[in-house]
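Each value in this text was obtained by applying a stated rule to the coordinates, not by laboratory testing. Quick caveat: nothing in here was measured; it's all calculated off a predicted structure. Here Cβ is always computed from backbone atoms with ideal geometry, including for glycine, and neighbour counts include all displayed protein chains.
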Amino acid sequence: DLDTGPAPSCDAGGTGTIVQGDYGIYDNNDLDELAGCTEVTGSISVPSLTTTNLDGLETLTTIGGDLILDGRSSNTNTLENIDGLVNVTSVGGDVTIQNNDVLPEVGLANLQSIGGSLTIYDNWDLVSVSGLSSLSHIPGDLTLEDNFSMVQLAGLNNVTQIDGSLTVKWNGKLLNIDELSNLASVGANITLDYNASLTSIDGLADLTTVPGNLTVNQLVALDDLDALSKITSVGGDLYIYYNKLMDDIDGLASLTSVGGSLTIEKYELLTSLAGLSQLATVGGDLTLRENVALVNLDGLTLLTSVGGDLVINETALTNIDELTNLGSVSGIMVKLNDELGSLDGFTNLSSVANDLIIYGNATLPNLDGLIGFTEVGGELEIHNNDLLAQLDGLQNLTMVEDITVTYNDVLCQSLVDALVAKLTITGLHIYIYGNDDSC
């Protein structure tokens with residue numbers, strides 16, 4: 001909490017006074033003492049009030065530090081408007097408006113510049129940020145989170161640049177973010193998370209790169225990613241999870257690279273990855289998990305490199321032929337793909353530094369797609385593949401760290417024994433059991 005210090009004794013009828021340092025408004029007396037001031041060189045904090053407004057501060061134009069309006073510590077939490085700050089044009093630090101249960105709008109219509117982040121968090125009755133219409137540049141982060149009544153972002157129409165991250169999260173009634181349509185750049189992450197009513201993200205349509213992470217998570221009313229169609233690169237992770245109305249990701253058609261990991265998970269209607277048709281490199285893991293309708297990997301024909309692990313888990317794929325240009329990957333897990341009949345998409349690979357796991361693929365008859373492999377730097381695990389009958393695809397494999405070949409019902413144990421006998425195994429773990437002991 002900020003110390004109020006000596007009363008500034010500003011003369012509301014005079015020319016105004018500059019208050020040196022920070023100032024905390026803890027009660028109406030503190031509010032009255034600040035009336036008539038034009039500038040506070042430090043931060044202003046309003047942690048609790050018994051008043052409904054900040055009237056009397058209309059002469060204030062400049063705050064050198066942060067502006068913090070936080071109702072968390074108030075027993076009454078009665079702040080209904082902040083129109084008293086209507087003439088503030090500059091805040092040198094962060095602007096934080098949070099935990100104000102009965103504040104319906106943000107009354108900062110003349111605020112032209114801030115020096116840090118803008119955070120609007122957990123304001124239950126807040127329906128509008130229209131009072132931010134003079135703001136164009138946010139040097140830090142823009143966070144709009146857990147504002148239950150907010151339905152649109154009118155007031156942010158003039159924001160063109162966010163140097164930090166953009167977070168729009170847990171705003172249950174927010175319908176769109178169209179008012180961000182003038183946004184040309186975001187300097188770090190973009191997070192769109194748990195906005196249950198969000199049907200449009202068109203406000204991001206002019207963005208071409210995301211330097212940090214891009215998260216599109218559980219937007220259950222959103223049916224496409226078309227607003228992301230100009231994005232060519234994501235510098236960090238790209239995480240797309242459980243957007244249950246989407247049957248395609250065509251909005252990612254310009255994406256050529258992901259610097260971190262790419263995760264596409266739990267898309268019940270997604271049948272194709274055609275929207276990734278320009279993707280060439282993924283710097284981290286590539287994870288395709290619980291996309292139960294996914295029948296092909298058409299969009300991955302240009303993919304040449306995955307810096308981390310490739311995980312293909314619980315899909316409807318019958319083959320992975322579209323991965324034939326993949327030349328390097330650190331590890332592979334192909335797990336619980338009941339329709340998968342071939343691994344031929346891996347024919348250009350010769351080794352992995354991490355594990356190679358083929359697990360629970362009920363109809364996979366062979367491992368012929370692994371014919372190019374000579375070395376597995378981690379564990380080779382072949383487990384619970386019901387129809388796997390031969391291991392000819394591993395004939396060129398010479399070295400693994402550890403090996404597990406278990407519970408492949410029709411795989412002759414003699415074939416497994418022959419594989420183990422020819423390998424150089426550098427680790428300590430050899431698990432060979434549960435296969436067909438009759439041959």
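Work out Dmax and Rg for region 351-439 from the C-alpha atoms and quote the Rg first, both in angstrom.
Values for region 351-439 (Cα only, Rg and Dmax): 11.7, 34 Å.
Sorted by average packing, counted as other Cβ atoms within 10 angstrom per residue and highest first, what order do 209-216, 426-433 take? Each step should come with its number before you reach the end.
Values: 209-216: 21.6, 426-433: 11.1.
Ranking the peptides 209-216, 426-433 by packing returns 209-216, 426-433.
How much length, in nm to one decimal, is gained on full extension between ALA221 and ASP27, taken as 0.36 nm per residue of separation minus their Cα-Cα distance?
So the extension gain works out to 65.5 nm.
Strictly greater than 37 Å: what percent of every Cα pair in the chain meets that?
Numbers: 41318 of 96141 pairs.
Roughly 43 percent, once rounded to a whole number.
Compute the helix-to-body angle for 413-422: its Cα long axis versus the longest principal axis of the chain, expressed 0 to 90° and rounded to tens.
Orientation of helix 413-422: about 80 degrees from the principal axis.
Arrange PHE373, PHE148 by Cβ neighbour counts within 10 Å, fewest through most, would you? Present the calculation step by step, with values, prior to reporting the outcome.
Details: PHE373 24, PHE148 16.
Exposure proxy ranking, most exposed first: PHE148, PHE373.
Over the Cα atoms of region 260-397, what is the Rg over Rh ratio if Rh follows Kirkwood?
Details: Rg = 13.6 Å, Rh = 14.6 Å.
Result for region 260-397 is an Rg/Rh of 0.93.
Could you pull out every residue, at least 5 positions away or on a different chain, whose amide H is within less than 5 Å of the one on ASP338? Hs are placed 1.01 Å off N in the peptide plane, and Pro or chain starts have none.
Under 5 Å from the amide H of ASP338: THR315, ALA362.
List the residues whose amide H sits under 5 Å from the amide H of GLU290, counting only those 5 or more places along or on another chain, with H placed 1.01 Å from N in the peptide plane.
The answer is LYS266, ASN313, GLU314.
Quick check on my link table: of LYS173/LYS230; LYS169/LYS244; LYS335/LYS422, which ones sit more than 24 Å apart, alpha carbon to alpha carbon? Walk me through the intermediate numbers first.
On the way: LYS173/LYS230 27 Å; LYS169/LYS244 17 Å; LYS335/LYS422 26 Å.
Violating the 24 Å Cα-Cα cut-off are LYS173/LYS230; LYS335/LYS422.
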